[in-house]
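Here is the structure we will look at, set down as structure tokens.
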Amino acid sequence: MNKVFAICLLSLLFISSTTLETAALTFDKLPTKRTTKQWSVQVDEAKQGKGLIKSKKGIFHTYSLKVDNIGKDVLSAEIHMFRNEPNSTTKYALFGCPNEKDCNKDHFERSISLARQLNDGIPYQFHNFALAEKATELEVEIVWTQKGSEGRPLKERFIFTAE
């Protein structure tokens with residue numbers, strides 16, 4: 001009887017310890033911001049409104065993203081967002097292009113347009129995006145070219161984790 005009790009107790013402790021290690025990415029304090037000499041990236045509460053998604057408990061949370069250029073003027077800029085998947089080294093994009101041919105065709109023009117917007121002091125804003133509840137990391141990647149160094153792309157990554 002003592003052996004059965006000990007085995008049950010050890011099994012219960014093992015199960016509870018593995019579940020305690022899992023930490024979903026939820027932001028206790030919003031907004032949360034990361035900055036460098038060039039960029040300011042802020043995650044905040046999702047904007048609410050008609051046609052915008054709402055969080056679904058146990059499935060995903062919704063947030064907003066704001067990116068400001070606080071450094072030198074840029075010639076082109078791209079912003080990518082990724083989330084991780086538990087027990088995987090692969091990261092998943094939070095948005096993409098449904099028709100890859102159209103995206104590739106307009107890619108350069110969009111990156112130039114975004115750079116102009118950011119240089120004019122108008123931040124890039126993603127008002128409402130879903131982040132899987134099982135994700136433990138949000139990565140915002142910015143790739144840009146500096147005016148005067150057009151042939152050499154630069155990149156910075158901003159990592160947001162459960163705090």
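Do we have any residue at all in the stretch 14-29 that's modelled with pLDDT of 60 or more, closer than 21 Å to GLN125 by Cα and either among the hydrophobic types (A, V, I, L, M, F, W, C) or part of a strand (DSSP E or B) (or both)?
There is at least one residue in the stretch 14-29 that is modelled with pLDDT of 60 or more, closer than 21 Å to GLN125 by Cα and either among the hydrophobic types (A, V, I, L, M, F, W, C) or part of a strand (DSSP E or B) (or both).
For ASN69, are the conditions met, namely being surrounded by 18 or more Cβ atoms within 10 Å (Cβ to Cβ), in contact with a Lys or Arg (Cβ under 8 Å, 6 or more places away or on another chain) and not hydrophobic (A, V, I, L, M, F, W, C)? Walk me through it before giving the result.
Working: surrounded by 18 or more Cβ atoms within 10 Å (Cβ to Cβ): yes; in contact with a Lys or Arg (Cβ under 8 Å, 6 or more places away or on another chain): no; not hydrophobic (A, V, I, L, M, F, W, C): yes.
Against the criterion (surrounded by 18 or more Cβ atoms within 10 Å (Cβ to Cβ), in contact with a Lys or Arg (Cβ under 8 Å, 6 or more places away or on another chain) and not hydrophobic (A, V, I, L, M, F, W, C)), ASN69 does not qualify.
Do we have ALA115 as assigned to a loop (DSSP other than H, G, I, E, B) and hydrophobic (A, V, I, L, M, F, W, C) here?
Values: assigned to a loop (DSSP other than H, G, I, E, B): no; hydrophobic (A, V, I, L, M, F, W, C): yes.
No, not satisfied.
Just give me the residues in the stretch 122-154 being touching a residue at least 40 places away in the same chain (Cβ under 8 Å) and assigned to a loop (DSSP other than H, G, I, E, B), in sequence order.
Selection gives PRO123, GLU133, LYS134, ALA135, THR136, LYS147, GLU150.
Of all residues being acidic (Asp, Glu) and not in a loop (DSSP other than H, G, I, E, B) in the stretch 49-94, which is farthest from SER113 (Cα to Cα)? Just the residue, please. Walk me through it before giving the result.
Residues of the stretch 49-94 acidic (Asp, Glu): 68, 73, 78, 85.
Now restrict to residues that are not in a loop (DSSP other than H, G, I, E, B): 68, 78.
Numbers: ASP68: 14, GLU78: 10 Å.
The qualifying residue farthest from SER113 (Cα to Cα) is ASP68.
The values are calculated or read from the model by the stated rules, or taken from the named source; none is laboratory data. This is a predicted model, so every value here is computed, not measured. Note that each Cβ is placed from the backbone with ideal geometry, even for glycine, and that neighbours are counted across all protein chains shown.
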